[in-house]
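Each remark here refers to the structure printed beneath this line.
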Amino acid sequence: MDATCQETFSIQRYLVANSSSGAPVDTQALAKKAAEFTTSDFIEERILPLIHVALNGHGSSCHSEIVQNTGTGRLTLRYDFGAENVFFAKLYCDDLGSRCHEINSILWEAGFNATSPYRVPQPVGFLSEHNLLLMRSVPGTPLGAAFNGHAVDLLIAGSREAAKWLAALHHSSLNTGMPDSDWDSLKLFRMAGRLIKAIAARPEKLDTVRGLMDMLKKRIEELPANRTLVFTHGRYHHDHVFLSPGATAVIDLDRCRPSDPAKDAAEFIRVLRLTAFKKAFDMAIVEEATTAFLGAYLAEVPEAAASLGCYWATFVFHSLLGGLKKDRAKGTRSWEELMQFYVSEMLRALDFAR
């Protein structure tokens, strides 16, 4: 076995040994467990005492349901008590539940609450014996509703507001959690496995992938040393941003930690643009939304520009490898259209702020 193969197998062993998810999540088992938390008895005994909603002790007055269970190891439940008393609970199969409750509480107490234009869900409680985090629903319309035919005109203004929320987070003095290394924040630990599978699926794309990877390697090497880390969201997507008059709220705080601020901004842009392209959305509007987001964000956090192109390109490269590996069309786009889009996006990102 040559040195390259030995290194590849070493990487694969490392990934298996250090995977945060471990074995695949059994969604059916998680749903079965969560079903216990939708019963009237559980709601009366454990939920009502936390939320202080007067229902005369009748949990049957609450409409409860599982609203998300996608195999991530986190299941989401919704409790609707009427009269705008809506709560969400996240069931975890790992130790992130208590961590997320801690972060949620810290952010709320630090000013990201109902008195601020920049908000997070109000933490209600954490049932440690059930690994269940309970939060009050945030107001507003999700920015991602634009891609489903709703509030299309809000995409540009909403992206600007999303940038302002993110700048507020990155300007906060919060500093809790293990800081990200470039290895983690750029998701480099996933790249070896994806490369192998991508080229195995489409060997004729080897030269293209190799050329892009060489350019990406150079850009990573140009990352400024000793960059200032800030408190980041970790999964800053349009579906996590909710807009209402005078306020922007952001959910899904499971992966908050100190990192390069460019990580959040690059992820937002990548997901926004890729989602729009797959859905054949008006890309002229998306260009305006991209400009609005980057303009508002970099006006507040200009130092992020130095590494934003690198993060943006790297995240697009991950998507490209995933597209090669799956080797199929997505949404209304053909496989070749997707590949051309990935390459053009990556080249654009590599040239950003140079």
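Any read-out appearing in this document is the output of simple, stated calculations on the displayed coordinates, not a laboratory observation. Every value quoted in this text rests on a predicted model; they were computed, and no experiment measured them. All Cβ positions, glycine included, derive from the backbone under ideal geometry; neighbour counts span all protein chains shown.
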Does region 236-301 come out rounded, prolate or oblate by the C-alpha gyration tensor, with a ≥ b ≥ c the root eigenvalues, rounded set by a/c under 1.5 and, if not, prolate when a/b is larger than b/c and oblate if not? rounded
Once the piece of chain linking SER128 and LYS279 is laid out straight, how much longer is it, given 0.36 nm per residue of separation minus the C-alpha distance between them? 50.3 nm
Treating only Lys and Arg (+1) and Asp and Glu (-1) as charged, each at its beta carbon, one finds that region 141-350 has a dipole about its Cα centre, in Debye to the nearest 20, of 740
Treating only the Cβ atoms of Lys and Arg (+1) and Asp and Glu (-1) as charged, compute the dipole magnitude of the chain about its Cα centre; round to the nearest 20 debye. 780
Taking R0 as 41 Å, what FRET efficiency do you get between SER244 and GLU337 from their Cβ-Cβ distance, rounded to the nearest 0.05? 0.70
Cβ-based charge dipole, the chain, positive-most Cα from THR27, GLY322, ALA162: GLY322
Reduced Cα scattering model of region 20-136, Debye log10 I(q)/I(0), q = 0.12, 0.13, 0.18, 0.24 Å⁻¹: -0.44, -0.52, -0.96, -1.39
Helix 154-171 vs. the chain, principal-axis angle (Cα, 0 to 90°, nearest 10): 90
Given a Förster radius of 25 Å and the C-beta distance between ALA305 and SER344 as r, what FRET efficiency does 1/(1 + (r/R0)^6) yield to the nearest 0.05? 0.75
Given R₀ = 35 Å, FRET efficiency for HIS150-GLU287 by Cβ-Cβ distance, to 0.05? 0.95
Can you list residues from other chains, or at least 5 along the same chain, whose modelled amide H is less than 5 Å from the amide H of THR232? ARG257, SER259
Hey, which of these cross-link pairs are over 27 Å Cα-Cα: LYS33/LYS197; LYS205/LYS279; LYS217/LYS263; LYS32/LYS279? LYS33/LYS197; LYS32/LYS279
What does DSSP give for the chain in terms of the percent of beta bridges that are antiparallel, rounded to the nearest 5? 95
Which residues make up the longest stretch of the chain clear of GluC sites (Glu not before Pro) that lie in a DSSP loop with no more than 16 other Cβ atoms within 10 Å, not counting the sites? 223-354
Would you calculate a helix-derived [θ] at 222 nm for the chain, using -39,500 (n - 2.57) for each DSSP H run of n ≥ 4 and dividing by the full residue count, to the nearest 500? -15500 deg cm²/dmol
To the nearest 10 degrees, how steeply does helix 206-221 sit against the main Cα axis of the chain, on a 0 to 90 scale? 70
Using a cut-off of 15 Å between beta-carbons, work out the net charge of the residues near LEU154 (Lys and Arg +1, Asp and Glu -1, LEU154 not included). -3
LEU132 long-range amide H proximity, modeled H, under 5 Å: LEU127
Stretch gain in nm, segment VAL67-THR176, where the contour uses 0.36 nm per residue and the Cα spacing is subtracted: 36.3 nm
Using alpha carbons only, how many degrees (0 to 90, rounded to 10) separate the axis of helix 96-109 from the longest principal axis of the chain? 80
